[in-house]
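Nothing in this text is a laboratory measurement; each read-out follows from the coordinates by a stated rule. Predicted model only: the values in this text are computed from it and were never measured. Cβ placement follows ideal geometry from the backbone for every residue including glycine, while neighbour counts extend to all protein chains displayed.
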C-alpha cells in the first residue's frame, strides 16, 4: 500500500524557495561580506536553480536588499513579542537596553551593515538601501519609545531615545571587530541609570 503524495501548493513552494534564498543571502553577507556574496553562491547555498533565483531576484542588489529587509522585519516581530517577557520596575530599563543591544550585535545587523558600507560608493545600491535604512530606523525608534515608555511631547525625550539608538548602533559596530561584551555591559549599566533619571 502506497502513501498518497501530499502536494504543496505552488504559492507555498514559491514562498519557501524565496525564504531559502533570503536566508542564504544573509548567511553569506555575514560570512563573506557584500563583495564576495554572489548570486551563484546564494543559489548554491539555498539549493535553488540559478534560473529560479534570477526569476525572483534579477540582480544581486535586489536579492541582498530583500534579504536584509526580510530578516529585519522578522527581527522586529521577535522584538515586539519579547515585550511581555520584560521585567517591571527599575530593572526594566536595563532589560530593554539589553534586548535592543542584542539586536544591534546580531548577525542580522552585521548583514545590514555590509549593505550600508557597500552603498556608500554604489549609487544604484544606495537608491535601494537608503529607503530601507530609513524604514528600519523609524521602526527601531518607535519600538524604543514603546519599550522605554517615553512621552515624546516632553522636550528632549525624542533626542534621548535617538541618542540611545545611536549608542547601541555604535556598540553593535564595535562588536563586529571583536568581543567587547564586558565593556558593553558597563556602558549599558551606566546608560540605564541615565535613562532612569531622565525619563519622567
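Report, by residue number, each residue of the range 171-192 that is surrounded by fewer than 13 Cβ atoms within 10 Å (Cβ to Cβ), free of Cβ contacts under 8 Å to residues at least 40 places away in the same chain and either assigned to a helix (DSSP H, G or I) or touching a helix residue (DSSP H, G or I) at 6+ places or on another chain (Cβ under 9 Å) (or both).
181, 182, 183, 186, 190
Condition first: surrounded by 16 or more Cβ atoms within 10 Å (Cβ to Cβ) and closer than 22 Å to residue 131 by Cα. Now tell me which residues in the range 27-55 satisfy that.
Once the filter is applied, which keeps residues that are surrounded by 16 or more Cβ atoms within 10 Å (Cβ to Cβ) and closer than 22 Å to residue 131 by Cα, the range 27-55 yields 29, 30, 34, 37.
Looking at residue 139, is it touching a residue at least 12 places away in the same chain (Cβ under 8 Å), farther than 16 Å from residue 197 by Cα, part of a helix (DSSP H, G or I) and more than 18 Å from the chain's Cα centre (by Cα)?
It is false that residue 139 is touching a residue at least 12 places away in the same chain (Cβ under 8 Å), farther than 16 Å from residue 197 by Cα, part of a helix (DSSP H, G or I) and more than 18 Å from the chain's Cα centre (by Cα).
Return the only residue of 78, 124 being surrounded by fewer than 18 Cβ atoms within 10 Å (Cβ to Cβ) and in contact with a helix residue (DSSP H, G or I) (Cβ under 8 Å, 6 or more places away or on another chain).
Only one candidate passes the filter, namely 124.
Of the conditions (1) more than 24 Å from residue 23 (Cβ to Cβ); (2) exposed (fewer than 14 other Cβ atoms within 10 Å of the Cβ); (3) out of contact with any helix residue (DSSP H, G or I) (no Cβ under 6 Å at 6 or more places or on another chain), residue 162 fails just one. Which one is it?
The failed condition is (2).
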